[in-house]
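I have placed the structure first, in the form of structure tokens, so that the comments after it can refer back to it.
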Amino acid sequence: MAEKPLSVKLSGLRILRRGEFPMRGNLMAYQAEYIWIDGVTPTPTLRSKTKIIENGTKALPIWGFDGSSTSQATGEASDCILNPVFSCKDPIRGGKNILVMCEVLVASTGKPHPTNTRALCAETAKRYADQKMIYGIEQEYTMMRLNGRPFGFPELSGEPAPQGPYYCGVGAGRVMGREIVEIHTEMCLEAGLHISGTNAEVMPGQWEFQIGPVGALAVSDELHVARWLLHRIAEDYDVVISLDAKPQKGDWNGAGCHTNFSTKAMRSNYKAIDDACKALGTRINEHVSNYGHDIESRLTGKHETAPYNKFTYGVSNRGASVRIPWQVAKDQKGYAEDRRPNANMDPYLVTQLILETVCGQSAPKKSTSKKAPKKTGAKKAKKK
Ligand code: ADP
Ligand code: MN
Ligand code: MN
Ligand code: MN
């Protein structure tokens, strides 16, 4: 399976990185790439545009965009506000240039836009701050050709040899697209993101990177920036990054976003881990219905998943909804892995729900601000 050489365009990307910043008249200026999440359904996508910022500008200014072009407003009242929430070095442009993750506000009220899931996440994270929840998210993704076929598949027709040799593989014919992964990892590091590892996945051309462990807002903001960088780098190779839950029908793995989490209590005591798993089993529907579009196609009970409508947890079990790593059971402390979220999940929603379910149930009952967990009519947790 000969892939076209990838190094040609790499040099183009490198040339862009000047390592200095340009002049505007007598003023020094740099570029800020404002990134936001649009209103496309069922899965929102990332958008961005460039603002020139004069050197010496103290706080990053708010900005605006045409919400009628992003499914976030009508033409008559089209203005939406971009409110910067996180910024870091721009490793693509280099120099003083930056990437700016934004949340979207409604221009007329200044309130969070209905598509802004970060606002609720921020509120919930603040409420349970004392429990010191941190997350490590494993972002899986699939490289696709412009014609819609997986990058690890022959260009026009047919399928590669079945799954088996590709996961964490090495060598031509086993691993496709590594150059993109290498550049992406290097750039995440240069941007100062908390990237913690990468690996080739089970389906050819499918990969993973992990961000964390850090708090709900940090892991989510950084995951969005890391996704944006991945799309941007792959753009130069004519490779499309798909976050679809099941990009290829048939006997091929889907793509998930396993979400590892721990409270301070879980990091020192096993009972807190067991309690967290039990709590997740009481709100199956709330979680699964917010874990990404098309989750039913991925969580089938096959391909290292548990069925979406059944909740199980267990030590070392990759066929369970929630896995407690073997080392954690041995140490009697650590974290748990919610294996259900899709690759296309919204990290603000997923981390917010885990906070609410896990911290809400372990919080002291007398506190006024915490509501009792809702009963959903979902099936009871299966004890393992
Ligand atoms: P897997 O064996 O499931 O493929 P990975 O190594 O890909 O595991 O991912 C494990 C994730 O768990 C990493 O992102 C790591 O940062 C995160 N992690 C490690 N310790 C904790 C912890 N105490 N709380 C939350 N996340 C953690
Ligand atoms: Mn992993
Ligand atoms: Mn994986
Ligand atoms: Mn995992």
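Each value in this text was obtained by applying a stated rule to the coordinates, not by laboratory testing. What you are looking at is a predicted structure, and each value in this text was computed from that prediction instead of being measured. Virtual Cβ from ideal backbone geometry, glycine too; neighbours counted across all protein chains shown.
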Length-normalised contact order for the chain - Cα pairs under 8 Å, 6+ apart - percent: 15 percent
Please report, to one decimal in angstroms, the Kirkwood hydrodynamic radius of region 23-116 built from all distinct Cα-Cα pairs. 14.1 Å
Euclidean distance between Cα centres, region 74-117 to region 184-217, Å: 23 Å
Between E296 and K111, the two model label points (7 Å from Cα along the beta-carbon direction) sit apart by a distance in nm of 3.3 nm
Roughly how many nanometres apart are two label points built 7 Å out from the Cα toward the Cβ at K278 and N55? 6.1 nm
Partner aspartates and glutamates for K278 [C-alpha distance under 14 Å; skip if fewer than 8 residues away on the same chain]: E337, D338, E356
When the helix-only estimate is applied to the chain (DSSP H runs of n ≥ 4, each -39,500 (n - 2.57), divided by the residue count), what is the mean residue ellipticity at 222 nm, nearest 500 deg cm²/dmol? -6500 deg cm²/dmol
Whole-Å semi-axes of the chain's equivalent ellipsoid, largest first, each the root of 5 times a Cα gyration tensor eigenvalue? 34, 29, 19
Could you tell me which of the pairs K51/K89; K51/K111; K249/K302; K49/K96 are separated by over 20 angstrom between their Cα atoms in the structure shown? K51/K111
Taking the alpha-carbon centroid of each part, what is the distance from region 136-159 to region 305-329 in angstrom? 27 Å
Modelling each spin label as a point 7 Å along the Cα-to-Cβ direction, I'd like the S157/Q332 distance in nm, to one decimal. 6.3 nm
Diffusion constant of region 144-226 at 25 °C, which comes from Stokes-Einstein with the Kirkwood Cα-pair radius and 0.890 mPa s, µm²/s: 174 µm²/s
Under 13 Å Cα to Cα from K333, which aspartates and glutamates show up? Leave out anything in the same chain fewer than 8 places away. D274, D275
Choice from S362, S157, S242 with maximal GNM fluctuation in the chain (Cα, 10 Å cutoff): S157
Here region 217-222 yields Karplus 3J(HN,Hα) values (6.51, -1.76, 1.60; θ = phi - 60°; whole Hz; Gly and Pro given as x) of 6, 5, 5, 6, 4, 5
Using only alpha carbon pairs under 8 Å that are at least six residues apart, calculate the relative contact order of region 37-115 and give it in whole percent. 23 percent
Using modelled backbone amide H atoms (1.01 Å from N, in-plane), which distant-in-sequence or interchain residues come within less than 5 Å of G334's amide H? R267, S268, N269
Answer in debye to the nearest 20: the dipole magnitude of the chain about its Cα centre, from +1 Lys/Arg and -1 Asp/Glu charges placed on Cβ, is 1680 debye
